[in-house]
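**Q** Sharing a structure below in structure tokens format, with a few things to ask.
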Amino acid sequence: MSQEILKNVRGTLERIKPYSPGKPIAEVQREYALTDVIKLASNENPIGASHKAQEAIREALSELHLYPDGGQTLLKQALAKRFSVSEDMIVIGNGSDEVITFICQTFLEPGDEVVVPTPSFSEYDFGTILMGANVVPVPLNSDFSYDLNSFLDAITEKTKIVFLCSPNNPTGTYIRKQEFRQFIENLPPHVLVIVDEAYNEYVEASDYAQGLDFLKEGFNIVVMRTFSKLFGLAALRVGYAIGPADIIGYISRTREPFNVNHLAQVAALAALEDVEHMKESLRVNREGKQQIYEGLAALNLSYIPTETNFILFDTKVDAKQVFQSLLKKGVIVRDGGIFGLPTYIRVSIGTAEQNERFLRELAEVLAELKTNATV
Ligand SMILES: *Cc1c(COP(=O)(O)O)cnc(C)c1O
């Protein structure tokens with residue numbers, strides 16, 4: 001019976017590859033009968049969420065029977081104030097993943113083209129293919145820096161969107177001011193550039209191209225940010241985009257009325273004002289980055305300098321084996337194979353203790369693999 005129904009499924013869905021998420025801690029505990037498992041696989045904030053955000057949620061528990069504020073009024077006001085933009089320049093999603101889908105739903109028809117970096121975040125491909133449009137991947141340089149000229153070269157009349165991720169996941173590399181200016185000044189007027197700045201708050205490089213500066217200069221750019229990383233609210237799903245009001249107006253038409261739940265809205269609002277939590281998160285990350293850099297160097301491994309809360313490094317062996325062996329020891333990381341980098345591992349920067357454990361287990365794993373290879 002269902003065969004007839006299945007024929008009606010939109011053909012483009014055959015092209016969608018399922019997202020490969022980081023392995024959950026509970027699953028690894030069960031699978032390998034471990035108690036002490038650490039997850040450094042999804043770039044989550046190792047110190048947890050802001051206590052002020054947690055308190056805001058506790059207070060909001062008495063309001064669970066009420067629909068959330070569909071206009072997301074207070075959160076939008078706070079973001080508008082923080083970034084000195086008007087409220088009609090902001091759209092908030094159930095995570096920035098949802099915002100990516102909004103953008104694709106707003107602009108893409110079957111056959112349209114979307115230019116994306118590779119390796120990068122897989123959700124740009126998802127949103128594009130969902131709409132029946134085509135992904136045009138542009139490789140990063142061999143050191144994983146951006147060559148924005150090759151993005152310009154990839155643009156055709158069919159191109160509607162260029163996604164850029166800066167700093168980029170999974171490489172940690174970023175776009176410099178000068179090269180971004182050169183790029184956006186030469187961008188054909190029919191192309192919208194989306195800059196995914198999920199890791200913006202971690203950036204220390206002074207020549208980093210801030211998308212908002214270019215938006216304020218009047219370029220066709222939409223900037224995406226999230227509460228999932230620095231603000232430590234990944235479980236709640238809050239992300240947003242800032243762009244020209246007319247563009248954001250259309251993007252907002254694709255949004256369901258209650259897409260961001262009440263607990264998420266109150267927590268995001270509280271987290272935004274928790275300067276102490278932000279400072280502490282950045283301190284832990286800065287120190288952890290140094291700790292992992294030094295640990296990798298001691299193991300003679302080269303890493304890609306990062307402006308984020310994760311580090312990509314070359315194991316020089318089959319990273320899948322390293323990933324699996326670390327998993328057995330209770331350390332969850334990301335296997336570069338999913339990004340087309342089969343000898344690389346991406347590790348999220350954890351607490352000092354977690355980083356130390358990761359480095360210790362990594363040293364053991366690499367030594368074991370070496371011994372096995374030579375016998
Ligand atoms: C983590 C991440 C996001 C955040 O997604 P949310 O849906 O807001 O949790 C967006 N873009 C990139 C590149 C990321 O790495």
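Coordinate-derived values only; no laboratory data. Source: prediction; values computed, not measured. Every residue, glycine as well, gets a Cβ built from its backbone with ideal geometry; the counts of neighbours run over all protein chains shown.
**Q** Can you pull out every residue in the stretch 316-351 that is assigned to a loop (DSSP other than H, G, I, E, B) and surrounded by 23 or more Cβ atoms within 10 Å (Cβ to Cβ)?
**A** Step one: filter the stretch 316-351 for residues assigned to a loop (DSSP other than H, G, I, E, B), giving 316-318, 329-330, 333, 340-343, 349-351.
The answer is 333, 349, 350.
**Q** Looking only at the stretch 225-245, count every residue that is farther than 17 Å from residue 263 by Cα, within 11 Å of the ligand (Cβ to nearest atom) and of a type in the set (Gly, Ala, Ser) and tell me the total.
**A** So the answer is 1.
**Q** Here's a follow-up. Out of everything in the stretch 125-173 that is assigned to a helix (DSSP H, G or I) and in contact (Cβ under 8 Å) with a residue 40 or more places away in the chain, what residue ends up being surrounded by the fewest Cβ atoms within 10 Å (Cβ to Cβ)? Lay out the reasoning, then the answer.
**A** Taking the stretch 125-173 as the starting set, the residues that turn out to be assigned to a helix (DSSP H, G or I) are 125-130, 148-154.
Remaining after also requiring in contact (Cβ under 8 Å) with a residue 40 or more places away in the chain: 125-126, 129-130.
Details: 125: 21, 126: 20, 129: 20, 130: 18.
Only one residue tops the list, namely 130.
**Q** Let me ask something else about it. For the stretch 281-292, does any single residue satisfy the condition of being touching a strand residue (DSSP E or B) at 6+ places or on another chain (Cβ under 8 Å) and in a loop (DSSP other than H, G, I, E, B)? First the steps, then the outcome.
**A** Step one: filter the stretch 281-292 for residues touching a strand residue (DSSP E or B) at 6+ places or on another chain (Cβ under 8 Å), giving 289, 292.
Going one step further and asking which of them are in a loop (DSSP other than H, G, I, E, B), we end up with none.
Among the residues of the stretch 281-292, not one is touching a strand residue (DSSP E or B) at 6+ places or on another chain (Cβ under 8 Å) and in a loop (DSSP other than H, G, I, E, B), which makes the answer no.
**Q** Test each condition in (1) within 16 Å of the ligand (Cβ to nearest atom); (2) surrounded by fewer than 24 Cβ atoms within 10 Å (Cβ to Cβ) for residue 204 and report the one that comes out false.
**A** Single failed check for residue 204: (1).
**Q** Tally the residues that are assigned to a strand (DSSP E or B) and more than 20 Å from residue 125 (Cα to Cα), restricting the search to the stretch 174-192.
**A** Start the filter on the stretch 174-192 by keeping residues that are assigned to a strand (DSSP E or B), which leaves 176, 192.
Next cut, more than 20 Å from residue 125 (Cα to Cα) only: 176.
Of the residues in the stretch 174-192, 1 are assigned to a strand (DSSP E or B) and more than 20 Å from residue 125 (Cα to Cα).
**Q** Please determine whether any residue of the stretch 174-184 is closer than 30 Å to residue 236 by Cα, within 16 Å of the ligand (Cβ to nearest atom) and buried (at least 21 other Cβ atoms within 10 Å of the Cβ). Step through it out loud before you land on a result.
**A** Pass one, the stretch 174-184, residues closer than 30 Å to residue 236 by Cα: 174-175.
Now restrict to residues that are within 16 Å of the ligand (Cβ to nearest atom): 174-175.
Of the ones still in play, those that are also buried (at least 21 other Cβ atoms within 10 Å of the Cβ) are 174-175.
Scanning the stretch 174-184 turns up at least one residue that is closer than 30 Å to residue 236 by Cα, within 16 Å of the ligand (Cβ to nearest atom) and buried (at least 21 other Cβ atoms within 10 Å of the Cβ).
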